[in-house]
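So the structure is just underneath, and the comments pick up after that.
Every read-out reported here was derived from the displayed coordinates using simple, explicitly stated rules and does not represent laboratory data. Everything quoted here is computed from the prediction, not taken from an experiment.
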Amino acid sequence: MRRRMRSTPPRPMTAVAIVGTVLGIVAAGCAQRQAAVASPATAATPPPVAAPAAPQPPSRVEEDVLPVPTESIAEDAIASRSLDEVNRNSPFASAFFGLDSAELDDAGRAVVTANAEVLRTYPTWAVTIEGHCDERGTAEYNLALGERRAVAVKAYLMSLGIAPDRIQTVSYGKEFPFDSDHDEPAWAANRRAHFVITSN
């Protein structure tokens, strides 16, 4: 007959055993942590910081690639032309007058002032101012009126500082109309002081 073995209930752990077990677990954890910190293989290495790039020196601009100012090109182009070419595309504008008048109005003075600036730009130029009239009136009357118009423009140029020896005057009266029609717009266009360059 088989003998039955009695099972014995587990004995409760004593306080000393519990403390020993806890201390063993804590000690094992600390040992693992120290090993992880001490190991260079597992330590995180910060990424290398790149040195800042040295600033590049500004690129040198060669003088021969700099653009030439447009005004210089225009002035050189005008100065190198013949008198006929310059007068065909004249930088001067005509000053216009009222009926039977040799007085410069505000618009006429503005034109002559602009023409004085051209003469300052080209100090070797001399001009002749032609006095013109419309077709009405006698030839003698229009010659005298044209002369007064040319002289009025010369006087105003001189008041702006242009030397008198650079300015000549002539009157053509009604002989060379700008507009050959026989109406008020044509007559207004013909009452003028016209600038002609005579030397450059």
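Based on a Kirkwood Rh over C-alpha pairs, give the Stokes-Einstein translational diffusion coefficient of the stretch 78-125 at 20 °C and viscosity 1.002 mPa s in µm²/s.
Stokes-Einstein gives a translational diffusion coefficient of 176 µm²/s.
Calculate, in nm to one decimal, what LEU99 and SER180 gain on full extension: separation in residues at 0.36 nm each, minus their alpha carbon distance.
Here the segment from LEU99 to SER180 would lengthen by 27.5 nm.
Please compute, over every Cα-Cα pair in the stretch 90-199, the percentage with a separation greater than 24 angstrom.
Taking all Cα-Cα pairs of the stretch 90-199, the fraction more than 24 Å apart is 19 percent.
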